[in-house]
């Protein structure tokens, strides 16, 4: 089962606005330093340049995410991907954490960090910025942990599940069907009916039996005319 978490649209729009604001602020500082207006100091160009670059970067990345939405976190049974980076197996997942930015001990924003890698030495963190969260940072972290736990449980079940021989199952099903199937009665095959002829039947001539000639009495021999004259 795949889990896809997209950035919240409202966060991206807010990020575009904040980026434009930082860019305008940086441009104003650079312009003031260039014309030598009052109140500028030696750090104004540096602060202005950093603000301008950060504002442009934030505005462009959020605008691009609005134009072509991409998931901040994607996960399935085979692995997971964070912020569009290459997919990694679940064996590289080492946890998730919510970070908070504070200014004068006042929390201002939160984001999510996903820890990946092999072991503690080669582990690293991928940040999901507040502009790319799909909701509150704590809820998104819980969804990521739920996906990781469900995938680990399915992998453990698949590893300990015994393979099933399909041939044995087919033989068992056949024996079961033979034992409990209802007896079938075979119906006699229908005999073809003789072809009917519309022609009138031919009369059969009457024949006399051979024994009829012996039923006429003794055989009489008639004398010829010569025998009668000669006596």
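The values are calculated or read from the model by the stated rules, or taken from the named source; none is laboratory data. What you see is a predicted model, and the numbers here were worked out from it, not measured in a lab. Here the Cβ positions follow ideal geometry from the backbone for every residue, glycine too, while neighbour counts run over all protein chains shown.
Per the listing 42, 59, 33, the residue uniquely farther than 24 Å from residue 12 by Cβ, in contact with a helix residue (DSSP H, G or I) (Cβ under 7 Å, 6 or more places away or on another chain) and either assigned by TED's automatic domain parsing to the domain that holds residue 12 or modelled with pLDDT of 90 or more (or both) is 33.
Mind listing whichever residues of segment 135-154 are buried (at least 19 other Cβ atoms within 10 Å of the Cβ) and at pLDDT 90 or above?
Step one: of segment 135-154, the residues buried (at least 19 other Cβ atoms within 10 Å of the Cβ) are 137, 140-141, 144, 147-148, 151.
Once the filter is applied, which keeps residues that are buried (at least 19 other Cβ atoms within 10 Å of the Cβ) and at pLDDT 90 or above, segment 135-154 yields 137, 140, 141, 144.
With 22, 54, 6, 64 as the choices, which residue is loosely packed, with under 14 Cβ neighbours inside 10 Å, under 26 Å from residue 125 (Cβ atoms) and modelled with pLDDT of 90 or more? If you could, list the steps in order and put the result at the bottom.
On the way: 22 fails: loosely packed, with under 14 Cβ neighbours inside 10 Å; 54 fails: loosely packed, with under 14 Cβ neighbours inside 10 Å; 6 fails: loosely packed, with under 14 Cβ neighbours inside 10 Å.
Matching residue, one of 22, 54, 6, 64: 64.
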